[in-house]
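Reviewing the structure listed below.
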Amino acid sequence: MSHFITATAFSSILRNCSPLLSSISTAKKTHAQILICGLLQNITLQTDLLLVYSKCGLLSDARKVFDRMPDRSMHSWNIMISTHVKNCLYKDSLSIFSAFLQVGQRPDHYTLTPLFKACGEVGHMTLGLSLHSWVIRCGFVNYVVVGSALLEFYLKCREAKDAKRVFDDLRFKDSVAWNSMISGLVRLGAYVDAVVCFRDMLKEGMVMDCMAIPSILSACGREGDVMKGKEIHGKVLKSVIFCDDVTIVNSLIDMYSKCGFLYSSEYVFKNMVDANLVSWTTMISCYGVHGKGKESLVLFEEMKSHGFEPNSVTITAILASCSHSGLVDQGKKIFDSLGPVYSIEPSIEHYACIIDLLGRSGRVEEAFKLIKNMKLAPTSSIWGALLAGCMTCRNVEIGEIAAHHLFEMEPKNTSNYVALCSIYESLGMWDGVSSIRAVMRNIGMLKSPGCSCITIKGKIHKFYQGEVFHPSGNIIYETVDGILRTLMSIDLCV
């Protein structure tokens with residue numbers, strides 16, 4: 001009886017431990033007392049120890065307890081699997097699940113939920129499909145948590161059709177499911193579908209929340225749908241909670257910039273009550289994208305005067321701004337001051353920006369020398385920036401070096417072949433043009449047509465290069481021809 005009371009007391013202590021430093025000490029002392037009292041074989045106490053060590057992030061201690069358990073309950077297996085997933089140890093969690101199956105256990109809905117996340121993160125499609133069959137066989141189809149995890153798995157694996165099928169089959173769609181679907185579609189580049197899904201969510205009576213708004217604003221920005229973006233902005237202004245949400249306000253700044261409304265981005269930024277580093281970085285980037293590098297530099301200095309220290313992302317934004325505006329000296333000065341002034345180790349993104357900056361200004365030899373002296377291994381973004389610079393100044397020697405590195409890294413990327421072909425063409429090197437086009441034909445490459453879009457009365461119209469099938473095509477082309485004739489007549493008069 002005294003052992004029962006002692007075990008109960010130890011269990012109560014362990015279950016009341018929180019993931020704090022003081023609790024870790026308490027857990028270890030309790031563990032020691034359990035050993036002294038000879039109660040370590042108590043399954044409940046073993047599970048409690050496993051749970052408290054997992055909660056406190058002591059995975060090695062948790063694993064020792066787990067490995068010494070003679071009889072592992074379903075709960076103990078689930079703790080180990082979910083803890084490894086929470087700590088981003090996805091492959092380890094799948095290994096534990098493999099051992100789980102080998103001892104003849106069957107997964108329940110607590111087992112499946114973290115496993116779908118692990119499969120999505122490592123791209124393990126085969127196991128994910130097998131787990132989906134478990135969901136159906138075990139009757140977990142209508143469990144909201146399992147359905148949401150399954151949906152996220154398919155979206156992570158870029159299987160939009162399967163994700164849509166799972167989403168449509170959900171008997172009850174909570175805000176988590178709607179948000180997962182919307183954000184997943186945005187990640188997959190299906191911006192129109194994301195907007196449609198958002199509209200359906202509102203039609204179903206779901207209330208717009210702070211998780212969905214940034215995703216849908218991103219979709220509006222990517223698709224250039226400023227009317228829908230303004231509509232959401234209006235709803236944001238009506239809510240005190242949304243107005244004070246920095247993430248939402250930052251998304252508004254980005255959305256207006258991507259839609260071409262820089263003055264709206266400025267207005268939103270200047271009226272922010274509590275701008276953070278992301279806000280400043282986003283606005284710096286907006287100026288850069290619109291070719292206003294000098295304004296970016298002014299804002300960069302203003303940001304520092306407000307006590308914000310630039311991070312790696314901020315440096316990328318300011319270097320990209322300098323590149324788009326041809327501010328070579330300013331960009332080089334910032335890049336050279338990364339270590340000494342900002343204590344930031346140059347990343348691949350920083351190198352790509354400075355290579356692009358040098359290339360745009362025709363200094364490809366200097367850019368190539370910088371690549372050769374890099375501590376990091378050059379990536380496709382580095383060689384791509386150099387190749388673009390070689391196109392600008394028609395440098396075939398360095399261009400060929402950059403292109404052939406890209407052919408190895410991205411064998412199916414059409415734009416690399418087209419870029420080298422363009423250099424050959426500009427120099428009249430027709431043998432080179434023919435050889436590159438022959439290679440493209442042999443591997444079945446086709447260049448994607450260029451596309452422009454415009455929003456009229458809330459509807460987005462897309463125009464592809466060489467397209468003649470637009471319903472209003474004749475009127476459009478007649479109008480364009482008239483504009484061109486007018487401009488030509490003005491030039492002649494001058």
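Okay, here's what the table says:
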read-out: 3 or more residues buried (at least 19 other Cβ atoms within 10 Å of the Cβ) and in contact with a Gly (Cβ under 7 Å, 6 or more places away or on another chain): qualifying helices (runs of 4 or more DSSP H) within segment 316-400; value: 348-360, 380-393
read-out: Filter result (hydrophobic (A, V, I, L, M, F, W, C) and part of a helix (DSSP H, G or I)) within segment 269-282; value: Phe269, Leu277, Val278, Trp280
read-out: Any pair with Cβ under 7 angstrom, 6 or more apart, that starts in segment 105-128 at a residue that is on the phi < 0 side of the Ramachandran plot and ends at one that is at pLDDT 90 or above and not in a helix (DSSP H, G or I); value: Gly120/Cys157; Met125/Cys157; Gly128/Cys157
read-out: Which numbered condition Leu151 fails, given (1) within 24 Å of the chain's Cα centre (by Cα); (2) modelled with pLDDT under 90; (3) of a type outside the set (Ser, Thr, Tyr); value: (2)
read-out: All positions within segment 96-114 that are of a type in the set (Ser, Thr, Tyr) and either in contact with a Ser or Thr (Cβ under 9 Å, 6 or more places away or on another chain) or open to solvent by 70 Å² or more (accessible area, probe 1.4 Å) (or both); value: Tyr110, Thr111, Thr113
read-out: Residue satisfying all of: in segment 115-149; charged (D, E, K, R) and either in contact with a Lys or Arg (Cβ under 9 Å, 6 or more places away or on another chain) or open to solvent by less than 70 Å² (accessible area, probe 1.4 Å) (or both); nearest to Ser82 (Cα to Cα) among these; value: Lys117
read-out: Any chance Gly224 is open to solvent by 20 Å² or more (accessible area, probe 1.4 Å), of a type outside the set (A, V, I, L, M) and touching a residue at least 60 places away in the same chain (Cβ under 8 Å); value: yes
read-out: Helices (runs of 4 or more DSSP H) contained in segment 123-176 and holding at least 3 residues of a type in the set (A, V, I, L, M, F, W, C) and over 22 Å from Asp193 (Cβ atoms); value: 125-138, 144-156
read-out: Residue in segment 179-191 that is more than 18 Å from Ala219 (Cβ to Cβ) and open to solvent by less than 20 Å² (accessible area, probe 1.4 Å) present; value: no
read-out: For Pro310: the one exception among (1) out of contact with any strand residue (DSSP E or B) (no Cβ under 9 Å at 6 or more places or on another chain); (2) not in a loop (DSSP other than H, G, I, E, B); value: (2)
read-out: So Arg441, is it open to solvent by 70 Å² or more (accessible area, probe 1.4 Å) and either at pLDDT 95 or above or in contact with a Ser or Thr (Cβ under 8 Å, 6 or more places away or on another chain) (or both); value: no
read-out: In segment 219-268, the residues that are part of a helix (DSSP H, G or I), of a type in the set (Phe, Trp, Tyr) and at pLDDT 90 or above; value: Tyr256, Tyr263, Tyr267
read-out: Matching residues, segment 36-60, being within 18 Å of Met74 (Cβ to Cβ) and in contact with a helix residue (DSSP H, G or I) (Cβ under 8 Å, 6 or more places away or on another chain); value: Asn42, Thr44, Leu45, Gln46, Thr47, Asp48, Leu49, Leu50, Leu51, Ser54
read-out: Number of the exception - Lys230 against (1) open to solvent by 40 Å² or more (accessible area, probe 1.4 Å); (2) closer than 20 Å to Ala194 by Cα; (3) touching a Lys or Arg at 6+ places or on another chain (Cβ under 9 Å); value: (3)
read-out: In segment 200-218, residue least open to solvent (accessible area, probe 1.4 Å) [restricted to those that are more than 13 Å from Met181 (Cα to Cα) and in a loop (DSSP other than H, G, I, E, B)]; value: Met208
read-out: Those residues of segment 75-87 which are assigned to a helix (DSSP H, G or I) and closer than 20 Å to Ala149 by Cα, in sequence order; value: His75, Trp77, Asn78, Ile79, Met80, Ile81, Ser82, Thr83, His84, Val85, Lys86
read-out: Filter result (more than 20 Å from the chain's Cα centre (by Cα), open to solvent by 30 Å² or more (accessible area, probe 1.4 Å) and closer than 19 Å to Glu349 by Cβ) within segment 273-315; value: Leu297, Glu309
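Table: residues versus (1) assigned to a loop (DSSP other than H, G, I, E, B); (2) at pLDDT 75 or above; (3) open to solvent by less than 10 Å² (accessible area, probe 1.4 Å).
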{"site": "Ile5", "(1), (2), (3)": "no, no, no"}
{"site": "Phe10", "(1), (2), (3)": "no, no, no"}
{"site": "Pro19", "(1), (2), (3)": "yes, no, no"}
{"site": "Ser22", "(1), (2), (3)": "no, no, no"}
{"site": "Leu51", "(1), (2), (3)": "no, yes, no"}
{"site": "Ser54", "(1), (2), (3)": "no, yes, no"}
{"site": "Gly57", "(1), (2), (3)": "yes, yes, no"}
{"site": "Phe66", "(1), (2), (3)": "no, yes, yes"}
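The values are calculated or read from the model by the stated rules, or taken from the named source; none is laboratory data. Predicted, not measured: the structure shown is a model, and the values here were computed from it. Cβ: placed from backbone, ideal geometry, glycine included. Neighbour counts: every protein chain shown. The area values use the complete protein model at the heavy-atom level, side chains included, leaving out ligands, DNA and RNA. Shrake-Rupley method; radii C 1.70, N 1.55, O 1.52, S 1.80 Å.
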